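The values are calculated or read from the model by the stated rules, or taken from the named source; none is laboratory data. Small disclaimer: the values here were computed from a predicted structure and weren't measured. Reconstructed Cβ throughout: ideal geometry from the backbone, glycine too, with neighbour counts over all protein chains shown. Accessible surface areas use protein heavy atoms only, side chains included; no ligands, DNA or RNA. Shrake-Rupley method; radii C 1.70, N 1.55, O 1.52, S 1.80 Å.
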Amino acid sequence: MKKSALQVARAAYQPKLPQALQGAVKAVAGAATQSVGNQEEIKAMFPNTYGMPVITFEEGEAQAIEPFNVGIILSGGQAPGGHNVISGLYDGVKSLNPQCKLYGFLMGPGGLVDHKYVEFTDEFIDEYRNTGGFDIIGSGRTKLEKEAQFESGIQILRQLGIKALVIIGGDDSNTNACVLAEYYAAKNYGVQVIGCPKTIDGDLKNEQIETSFGFDTACKTYSELIGNIQRDCNSARKYWHFIKLMGRSASHIALECALQTQPNACLISEEVEQKEMSLDDVVTYLAQIVADRAANGDNFGTVLIPEGLIEFIPAIKKLIAELNEVLTDPATGESREFAGAEEQIAFVKGNIAPENLAILNSLPADVARQLCLDRDPHGNVQVSLIETEKLLSRMVATKLAGWKKEGKYAGKFSAQHHFFGYEGRCAAPSNYDADYCYSLGYNASRLIAAGKTGYMSIIKNTTAPAAQWIAGGVPITMMMNMERRNGAMKPVIRKALVELDGAPFRYFAEHREEWAKTTSYVYPGPIQYWGPTEVCDQCTKTLALEQN
């Protein structure tokens with residue numbers, strides 16, 4: 001593999017570890033836990049992995065460890081730092097006993113089911129240290145939820161002598177990890193399952209998980225691009241840039257990028273829902289900012305838009321919920337099949353409530369068509385395909401044209417559009433993510449050695465120097481509740497939304513009027529890997545504000 005000069009230099013970087021993981025450890029158990037919701041239902045579904053204590057690692061006495069083998073899976077979308085989780089786990093198990101082996105299952109959970117794997121070696125791992133992407137073994141979105149899959153998996157795990165499986169993923173993947181852990185525990189198969197919190201969206205966090213890995217790097221990557229656009233915007237002074245950012249289920253990325261770059265407007269989906277704003281309310285809000293800046297002679301600006309905004313507008317949210325229901329076959333739980341697009345659209349319009357049909361018909365024809373047709377692998381409306389940035393700029397232009405006829409607006413409006421998504425998912429990890437991810441993987445090896453299953457690897461206190469980070473594990477069941485998915489109630493890890501009373505949003509809300517009126521852009525520039533700690537090792541502004 002040919003490497004760039006940056007990769008060569010970066011390969012020599014040794015990620016920092018918490019002091020507690022730098023030698024032998026002992027597991028200190030806290031009090032028994034319970035799920036965040038639906039306690040009785042979750043307990044009944046996970047009798048073998050429910051109620052376990054939170055684990056914290058402290059320095060302990062060295063003990064002889066018999067060699068053991070571990071498997072690892074990358075699941076779901078890519079996030080910067082995945083390779084460091086794997087290298088941290090590899091170094092962790094080798095430090096316990098050099099005879100330990102680590103196997104990677106290829107292309108996600110499907111590799112476990114289909115028995116496709118590779119054994120890691122020093123030379124193999126060294127090629128990928130501190131690099132972005134998931135290309136070391138690939139990733140996939142196969143859901144581990146059927147008994148046949150579990151039984152196929154146990155065959156290869158036994159064949160390779162694997163005693164523990166580590167699943168790196170987001171909320172859905174870790175929910176599947178919990179289901180798998182429960183199944184193997186109930187069957188007394190002797191295989192442990194450990195999860196690691198991954199998603200650039202930032203919505204896998206709670207009291208125990210400060211942040212999901214990849215969020216730091218992705219937001220810094222997007223913020224660099226936004227800063228570049230804002231510099232251009234402030235130079236040409238003739239365009240409004242509408243920038244859509246990843247984050248369907250929560251607006252953490254949009255909020256963090258706003259805190260880093262200070263755009264003229266940033267929409268937060270959770271606030272739109274809380275205020276019960278209509279699509280017209282959103283458009284009017286943006287149009288007013290454009291008009292106010294034009295009154296000051298500034299016919300340019302930047303707007304940040306979270307990917308899932310449309311789904312948070314209450315009326316459209318109700319529409320999408322019903323679309324998900326009517327397009328799911330209740331007998332199979334799978335998506336209904338249709339002969340063609342027109343048949344599907346006709347079926348939708350003939351089977352949804354009148355108020356939802358009215359909302360559907362009020363949308364631009366291309367957007368309504370997308371809502372009716374496009375489905376993701378889970379059978380849900382493919383909201384991410386809707387070009388919200390173009391929809392909003394088009395509606396803002398129409399609103400401004402009406403105001404111009406009424407003499408309420410005399411400016412010029414011309415829009416440019418951007419969507420930043422894949423640009424950030426495989427970036428070379430920041431120092432924060434490189435250290436955090438390596439620690440998560442190394443820590444997972446200690447959870448395995450301690451005999452734990454159904455736990456997620458956690459590293460806390462990460463706004464402090466790495467030596468002061470706290471390592472341990474949290475039962476995955478502690479984060480679960482019941483939610484309706486594809487027409488049925490299922491146990492899932494609760495997503496973390498932007499808290500409107502939280503410190504990051506409050507800071508944003510206190511400053512957004514000033515940012516709207518003035519051109520107070522911040523240009524973060526590229527991620528820095530070498531230099532002063534305050535430049536290179538800083539965490540996200542979200543985490544800094546949350547941890548104060």
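General observations
- Considering only residues in region 273-288 that are part of a helix (DSSP H, G or I) and farther than 25 Å from SER414 by Cα, the one that is nearest to the chain's Cα centre (by Cα) turns out to be GLU273.
- Pair list, Cβ < 8 Å and 6+ apart or interchain, from region 494-507 residues that are within 14 Å of PRO306 (Cβ to Cβ) and among the β-branched types (Val, Ile, Thr) to residues that are open to solvent by less than 70 Å² (accessible area, probe 1.4 Å) and part of a loop (DSSP other than H, G, I, E, B): VAL498/ALA250; VAL498/SER251; VAL498/ILE268
- In region 172-202, the residues that are crowded, with 24+ Cβ neighbours inside 10 Å and charged (D, E, K, R): LYS198, ASP201
- Scanning region 204-232 for residues that are of a type in the set (Asp, Glu) and part of a loop (DSSP other than H, G, I, E, B), we see that the one that is farthest from the chain's Cα centre (by Cα) is GLU207.
- Selection count where residues are open to solvent by less than 10 Å² (accessible area, probe 1.4 Å) and not aliphatic (A, V, I, L, M), scope region 259-268: 4
- Of the residues VAL28, VAL93, VAL36, VAL85, the single one that is in contact with a Gly (Cβ under 6 Å, 6 or more places away or on another chain) and farther than 20 Å from ALA185 by Cβ is VAL85.
- Conditions (1) farther than 16 Å from TYR103 by Cα; (2) surrounded by fewer than 22 Cβ atoms within 10 Å (Cβ to Cβ): number failed by ILE154: (1)
- Condition check for ILE73: over 27 Å from the mean Cα position of the chain (by Cα) and open to solvent by less than 40 Å² (accessible area, probe 1.4 Å): no
- Looking across region 233-258, the residues that are in a helix (DSSP H, G or I) and buried (at least 22 other Cβ atoms within 10 Å of the Cβ) come down to CYS233, HIS252, ILE253, ALA254, LEU255, GLU256, CYS257, ALA258.
- Given (1) under 18 Å from LEU447 (Cβ atoms); (2) open to solvent by 20 Å² or more (accessible area, probe 1.4 Å); (3) in a helix (DSSP H, G or I), index of the condition LYS163 fails: (3)
- For LEU286, the requirement of being in contact with a Gly (Cβ under 8 Å, 6 or more places away or on another chain) and open to solvent by less than 10 Å² (accessible area, probe 1.4 Å) is not met.
- Filter pass, ASN206 being within 29 Å of PHE150 (Cα to Cα) and either open to solvent by less than 10 Å² (accessible area, probe 1.4 Å) or modelled with pLDDT under 95 (or both): yes
- Looking only at region 88-138, and only at residues there that are under 22 Å from PRO15 (Cα atoms) and among the basic types (Lys, Arg), the one that is most open to solvent (accessible area, probe 1.4 Å): LYS101
- Annotation note: of GLU423, GLU483, the sole residue that is within 19 Å of the chain's Cα centre (by Cα), under 30 Å from PRO47 (Cβ atoms) and either small (Gly, Ala, Ser) or surrounded by fewer than 20 Cβ atoms within 10 Å (Cβ to Cβ) (or both) is GLU483.
- Qualifying positions in region 293-314 - assigned to a helix (DSSP H, G or I) and either open to solvent by 40 Å² or more (accessible area, probe 1.4 Å) or among the charged types (D, E, K, R) (or both): ARG293, ALA295, GLU311
- Residues (in contact (Cβ under 8 Å) with a residue 24 or more places away in the chain and among the small types (Gly, Ala, Ser)) located in region 10-31: ALA11, ALA20, GLY23, ALA24, ALA27, ALA29, GLY30
- Elements of type helices (runs of 4 or more DSSP H) in region 1-115, at least 1 residues being small (Gly, Ala, Ser), closer than 22 Å to LYS198 by Cα and at pLDDT 95 or above: 82-96, 109-113
- Count - residues of region 433-461 that are touching an Asp or Glu at 6+ places or on another chain (Cβ under 7 Å), over 17 Å from GLN192 (Cα atoms) and open to solvent by 10 Å² or more (accessible area, probe 1.4 Å): 1
- Test: residue in region 271-278 that is over 22 Å from LEU373 (Cβ atoms), surrounded by fewer than 20 Cβ atoms within 10 Å (Cβ to Cβ) and of a type in the set (S, T, N, Q): yes
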